[in-house]
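Read through the structure below, which is laid out as structure tokens, and then see the notes.
The values are calculated or read from the model by the stated rules, or taken from the named source; none is laboratory data. Because the structure is predicted, anything quoted here is derived from the model rather than measured. Reconstructed Cβ throughout: ideal geometry from the backbone, glycine too, with neighbour counts over all protein chains shown. All accessible areas refer to the heavy atoms of the entire protein, side chains included, with ligands and DNA or RNA removed. Shrake-Rupley method; radii C 1.70, N 1.55, O 1.52, S 1.80 Å.
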Amino acid sequence: MRANFLRLKELLRSEFPGQWSGIDGANYPAPEWTKLAGNVVSALQMFVMILVLVGDSFWTYIPGFRGGPPDIYYKMKDNPALALIIIFLIIPSYIQSFANSGAFEVFLDEKLIYSKLETGRMPTVAEIIKALEAAGLRRGR
């Protein structure tokens, strides 16, 4: 994505020369809950690794599990490949999908010119140029 931004930046500089104080691009901030969810998943992954290394005796050290591990633990032991795929691949990918907004927004002097979040699609270069011309920039100066 960064390469696309850099190509667009150069195109806009050539189409509207001398009219820019700066063209900046940055990633849209991820929602706060995705950061928390990522930390929870990391803790879950560490817990699973400890279980693999220590085994069934680990449960005797956890209050409330003196009677033995929960049923899900035995299900994970019966299907270890599936459990590891879910914990280390599927769950983190699912959470990451919420962190990537796919946002693409164009601002001119802090005024929103185009928003992919509002339209639901990426603009064409012609649409960006047209929006900038409508905002008062003139091509080829």
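Across segment 4-55, the qualifying residues are those that are among the polar types (S, T, N, Q) and modelled with pLDDT of 85 or more, and the one among them that is most open to solvent (accessible area, probe 1.4 Å) is Asn39. No other residue among Tyr73, Tyr61, Tyr94, Tyr28 is in contact with a Ser or Thr (Cβ under 6 Å, 6 or more places away or on another chain), farther than 20 Å from Ala126 by Cα and not polar (S, T, N, Q) apart from Tyr28. Checking each residue in segment 45-93 for being closer than 30 Å to Lys35 by Cβ, among the small types (Gly, Ala, Ser) and either more than 25 Å from the chain's Cα centre (by Cα) or part of a loop (DSSP other than H, G, I, E, B) (or both) picks out Gly64, Ala81. Out of all the residues in segment 21-32, is one or more within 16 Å of the chain's Cα centre (by Cα), outside any loop (DSSP other than H, G, I, E, B) and without any contact (Cβ under 8 Å) to a residue 12 or more places away in the chain? The answer is yes; a qualifying residue exists.
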